[in-house]
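Undergrad: Quick one: the structure is below, questions incoming.
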Amino acid sequence: MKDEARVTRRTVTVGLAATAALAAVPGSLLGRRPAVAAPAPAFHEVALWDSVAGPRVNYHVQGLAVLPDDTILAAAEGRYEECDAGPRELVLRRSTDGGATWSASQVLQPSVGGQSWGNPTFVVDRTAGKVFCFFALSTRLPGNTSCSGDSGELYVTSSVDGGRQWSAPTSLAGIFDHFPYDWAMHGPGPGHGIQLAGGRLLLQVLHRRVIVGNSVAERNYGVSVLYSDNGGSTWQAGGAIPVSVDYPLNESRLVELADGRVLVSARASAGGNRQRIVSTSADGGLTWAAPKLEGATGVFNAVDAGLLRYSGGPGSDEVDRILFSRPDAPVRRNMTVSVSYDDAQSFRYHRVVNPGPSYYSDLARLSDGTIILLYGRDGDIAAAPRRIVAARFNVEWLTRGRDNLADGPGLTQQHRDLSMAQAPRGTLTVVSEPTARGGARASFAPVAVGDFIECAVTLPQAGQYEVILRYYRSPDGGLMTVALDGQSLRSSAVDTTAESAAGYDVVNLGRTQLAAGQHVLRFTAAGPGRGGGTRISVDEASFVVASSPADPQDVVTVDNNDALGFRIVSGTWGNSTGVAGTYGPSYRHHAAGTGSSVVRWQPPLPGQGRYEVWVSYTAHPNRATNAPYVVTHLTGSTTVRVNQRVAGTPGPGGGEWVSIGSFTFPAGLARIELTDNANGYVVADAVRLVREPAEITVDNGTAGFTLVSGTWGRSAALAGTYGADYYRHPAGTGSSVARWQPTIPTAGYHLVEVAYAAHENRASDAPFTITHEFGTTTVRIDQRVAGTPDPRGGNWARLGIFAFDPGSGAKVELNDDANGYVIADAVRLRRF
């Protein structure tokens with residue numbers, strides 16, 4: 001091992017809550033403040049523009065700013081057509097009471113003669129109180145009948161009275177002409193730029209070259225910046241992020257990191273289900289590091305996303321918090337906001353704001369800590385929302401009470417630079433890279449499986465630690481196992497193959513009790529990754545003591561459109577969008593055959609354990625009733641046949657899902673295959689593995705079940721019950737109610753099922769009302785028809801997949817407002 005004195009280590013205390021492991025740390029080091037009551041969680045949302053109400057056909061692509069006096073400015077494109085390059089005006093609304101009420105919509109920049117103005121983006125000079133709004137004028141070449149513009153020029157306007165009046169727009173034409181990429185399309189942001197701690201105003205700008213006719217020439221997607229050091233009197237072009245085919249940057253956000261570097265986080269122009277693309281600048285945007293993919297923010301539909309320095313930053317003694325918003329799904333659904341306490345290297349807590357259609361988003365903060373989220377939601381157009389809404393909520397709501405402005409999140413982090421690891425054999429290289437956490441990472445080429453690198457870390461106190469690993473993914477990446485002091489944590493296996501291009505990713509390895517003193521992390525080459533390579537590369541390990549655990553990472557999903565984890569092994573499989581209900585943009589299909597045509601999913605499982613396997617497909621009468629899924633698990637393989645003519649349960653991020661059972665898998669790459677050995681078309685869409693324990697069952701007569709009102713008879717006369725018996729009630733008015741109230745250990749989505757004994761005298765419309773995170777939903781069940789039998793007891797029917805907060809707030813109720821006997825037997829929740 002190398003001398004510990006030569007190894008870079010950093011200890012950071014985040015928040016003010018004490019834990020047992022930190023008892024020896026003086027209160028002054030924790031930055032304690034007088035006890036203040038934490039605010040109650042609060043959330044409110046209001047629509048600012050609605051395409052149904054008009055007057056424009058559609059509203060899309062928005063900008064957001066909060067001025068020093070807490071005036072909120074929201075801008076959007078008012079589109080005359082459902083088109084990116086059609087006639088567009090810019091509209092603006094203001095709020096001076098924290099987002100409770102808003103001014104009427106006003107036209108900030110009119111569309112005269114069919115002009116197409118887009119990408120409103122604000123930059124606020126917080127010293128002078130002046131706000132700038134940048135936007136682009138897009139034009140199309142003659143003959144271009146597409147919905148995409150060919151060129152776009154930047155304009156800027158400003159306001160010194162809180163957005164009431166604006167200066168005449170000033171053109172910035174020619175400011176990017178010196179770049180050697182033939183850029184002709186320039187678009188700000190969108191969303192907002194930033195002001196650095198030193199006062200510099202900084203704006204991100206997207207670019208691409210003109211594409212003429214059917215040319216397949218490279219579009220040279222890229223991002224550069226504009227900056228001003230004189231309060232916006234003049235603007236200059238900063239540096240461009242190095243342009244690369246592998247990293248096609250598009251709409252982006254900026255944030256200043258705690259060490260003064262600037263981070264840009266951009267969507268991939270290529271679309272699809274992708275990771276973000278990032279780069280950093282150490283000189284305020286004048287030059288930029290080579291871009292990389294960033295896995296900390298997840299894999300989701302490549303779309304504009306919000307990024308905000310909420311608190312902390314250079315020279316600040318506040319808690320370091322960065323917020324990130326995006327539709328967390330392979331299609332534009334499931335708007336989610338996450339919070340990071342380590343400069344966006346990992347995101348600890350997540351909360352779904354809207355599980356339905358969700359689009360572009362931006363974030364801002366009021367002086368009292370209220371978070372403003374401006375985002376598009378609802379509608380049935382894949383590329384544009386029906387409405388743009390402003391949600392306002394506090395940190396307490398976002399984190400479900402695990403963080404608050406009075407006490408903080410109560411966690412301490414020690415970061416260990418892994419670039420100086422050692423290897424007994426193989427080739428170990430230290431790679432200098434600005435996007436690495438400490439500026440360098442260790443890259444290891446093993447000689448054989450079992451070769452390893454290792455690093456020591458010294459912990460100042462004993463405690464229950466979470467271990468978080470930041471590692472590097474490359475095209476030649478291999479399968480890596482991780483051990484701490486010779487022991488595997490809950491997550492112990494990582495596939496380091498690149499997602500689509502090289503970049504960084506993060507995994508929470510789990511929690512473990514550790515003594516004070518030295519510990520050893522070992523990273524072992526365990527075999528080839530999904531790309532066939534064997535190289536492993538690590539960046540940094542974080543040891544976190546926290547009063548609340550991070551949100552679990554127990555769900556692994558692989559879609560047929562993923563560049564990594566799905567492949568056609570043999571045969572010719574069609575790619576289609578013909579039937580709705582896919583997870584992701586499309587699905588694969590094959591006619592009935594002999595079993596010689598095979599597709600394979602290879603989800604990377606972080607640790608050995610029992611996982612429930614879910615499959616998604618689009619149901620249709622021409623599908624097979626016996627589609628054969630072959631699951632390879634710890635003790636062999638099992639074939640499960642699925643009737644793909646019957647639809648599954650719709651999931652929150654898309655897809656219609658059916659469970660094919662629970663199996664024990666080793667850590668590493670799982671394998672699930674589908675063949676054409678069936679009696680109809682087989683559909684290969686997505687698979688999802690959910691780590692157990694994940695099932696909660698409440699039977700009648702047990703804790704969590706209550707007869708709220710009415711007189712219910714108890715019976716065991718019919719077979720098909722879960723447990724010994726069930727309750728029943730004849731048709732009535734709804735005044736008789738039975739309630740199940742399961743206790744949810746961690747927030748997340750669950751499939752809700754009910755068991756009952758079917759009979760011809762039962763109701764065909766038994767009303768089950770589910771109380772979940774987003775309100776209540778009533779599902780009516782035909783209890784004359786038996787559910788699906790389970791070997792463990794009960795015939796089960798699906799109510800749907802719903803999100804629940806942790807605790808005992810979840811409820812399922814059954815009342816007698818039905819056309820026959822209603823049966824109250826058991827309720828089961830399974831993590832999805």
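Computed from the coordinates by the stated procedures, all read-outs in this text should not be read as laboratory data. In this text the structure is predicted, and so the values were computed from the model without any measurement. Glycine gets a Cβ as well: all are built from the backbone with ideal geometry, and neighbour counts include every protein chain shown.
Undergrad: Conditions first: (1) touching a residue at least 40 places away in the same chain (Cβ under 8 Å); (2) surrounded by fewer than 16 Cβ atoms within 10 Å (Cβ to Cβ). Glu813 passes all but one, so which condition is the exception?
TA: (2) is the only condition that Glu813 fails.
Undergrad: The conditions are (1) among the aliphatic types (A, V, I, L, M); (2) within 28 Å of Pro87 (Cα to Cα); (3) surrounded by 20 or more Cβ atoms within 10 Å (Cβ to Cβ), and Ile175 fails exactly one of them. Which is it?
TA: Unmet for Ile175, out of (1) among the aliphatic types (A, V, I, L, M); (2) within 28 Å of Pro87 (Cα to Cα); (3) surrounded by 20 or more Cβ atoms within 10 Å (Cβ to Cβ): (3).
Results for (1) of a type outside the set (Asp, Glu); (2) farther than 28 Å from Ala302 by Cα, shown as yes or no for each residue.
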residue: Thr496; (1), (2): yes, no
residue: Asn508; (1), (2): yes, no
residue: His519; (1), (2): yes, yes
residue: Thr534; (1), (2): yes, yes
residue: Asp539; (1), (2): no, no
residue: Ser547; (1), (2): yes, yes
residue: Pro552; (1), (2): yes, no
residue: Asp559; (1), (2): no, no
residue: Val579; (1), (2): yes, no
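Undergrad: Take the residues of segment 609-637 that are outside any strand (DSSP E or B) and not hydrophobic (A, V, I, L, M, F, W, C): which is surrounded by the fewest Cβ atoms within 10 Å (Cβ to Cβ)?
TA: Residues of segment 609-637 that are outside any strand (DSSP E or B), as a first pass: 617-622, 624-626, 634-635.
Next, from what is left, pick out any that are not hydrophobic (A, V, I, L, M, F, W, C): 617-618, 620-622, 625-626, 635.
Working: Tyr617: 32, Thr618: 23, His620: 16, Pro621: 7, Asn622: 12, Thr625: 13, Asn626: 15, Thr635: 9.
Out of the qualifying residues, it is Pro621.
Undergrad: Any residue at all in segment 150-159 that is out of contact with any strand residue (DSSP E or B) (no Cβ under 6 Å at 6 or more places or on another chain) and of a type outside the set (Lys, Arg)?
TA: Within segment 150-159, one or more residues are out of contact with any strand residue (DSSP E or B) (no Cβ under 6 Å at 6 or more places or on another chain) and of a type outside the set (Lys, Arg).
Undergrad: I've got another one for you. Among the residues of segment 393-412, which ones are part of a strand (DSSP E or B) and either without any contact (Cβ under 8 Å) to a residue 40 or more places away in the chain or surrounded by 22 or more Cβ atoms within 10 Å (Cβ to Cβ) (or both)?
TA: Hits for segment 393-412 are Leu411, Thr412.
Undergrad: Just one of Ser105, Ser116 is in contact with a Lys or Arg (Cβ under 8 Å, 6 or more places away or on another chain), closer than 19 Å to Arg386 by Cα and not aliphatic (A, V, I, L, M); which is it?
TA: Values: Ser116 fails: closer than 19 Å to Arg386 by Cα.
Only one candidate passes the filter, namely Ser105.
Undergrad: For residues that are more than 19 Å from the chain's Cα centre (by Cα), of a type in the set (D, E, K, R) and not in a loop (DSSP other than H, G, I, E, B), tally how many sit in segment 474-513.
TA: So the answer is 2.
Undergrad: Okay, moving on. How many residues are in contact (Cβ under 8 Å) with a residue 40 or more places away in the chain, over 12 Å from Pro434 (Cα atoms) and among the basic types (Lys, Arg) if we restrict to segment 262-307?
TA: Of the residues in that region, 1 qualify.
Undergrad: Criterion first (surrounded by fewer than 22 Cβ atoms within 10 Å (Cβ to Cβ), under 30 Å from Gly410 (Cα atoms) and touching a strand residue (DSSP E or B) at 6+ places or on another chain (Cβ under 8 Å)) does Val569 satisfy it?
TA: It is false that Val569 is surrounded by fewer than 22 Cβ atoms within 10 Å (Cβ to Cβ), under 30 Å from Gly410 (Cα atoms) and touching a strand residue (DSSP E or B) at 6+ places or on another chain (Cβ under 8 Å).
Undergrad: For segment 682-713, enumerate the residues that are within 23 Å of Thr557 (Cβ to Cβ) and surrounded by fewer than 21 Cβ atoms within 10 Å (Cβ to Cβ). Working first, answer last.
TA: Pass one, segment 682-713, residues within 23 Å of Thr557 (Cβ to Cβ): 682-696.
Of everything in segment 682-713, those that are within 23 Å of Thr557 (Cβ to Cβ) and surrounded by fewer than 21 Cβ atoms within 10 Å (Cβ to Cβ) turn out to be Glu692, Pro693, Glu695, Ile696.
Undergrad: Any residue at all in segment 779-790 that's loosely packed, with under 15 Cβ neighbours inside 10 Å, among the basic types (Lys, Arg) and part of a loop (DSSP other than H, G, I, E, B)?
TA: no
Undergrad: Among the residues of segment 737-761, count how many are surrounded by fewer than 21 Cβ atoms within 10 Å (Cβ to Cβ) and of a type in the set (Ser, Thr, Tyr).
TA: Looking only at that region, the number is 2.
Undergrad: If you don't mind, another one. Got a number for residues in segment 514-529 being assigned to a strand (DSSP E or B), on the phi < 0 side of the Ramachandran plot and free of Cβ contacts under 8 Å to residues at least 60 places away in the same chain?
TA: Residues flagged as assigned to a strand (DSSP E or B), on the phi < 0 side of the Ramachandran plot and free of Cβ contacts under 8 Å to residues at least 60 places away in the same chain within segment 514-529 amount to 2.
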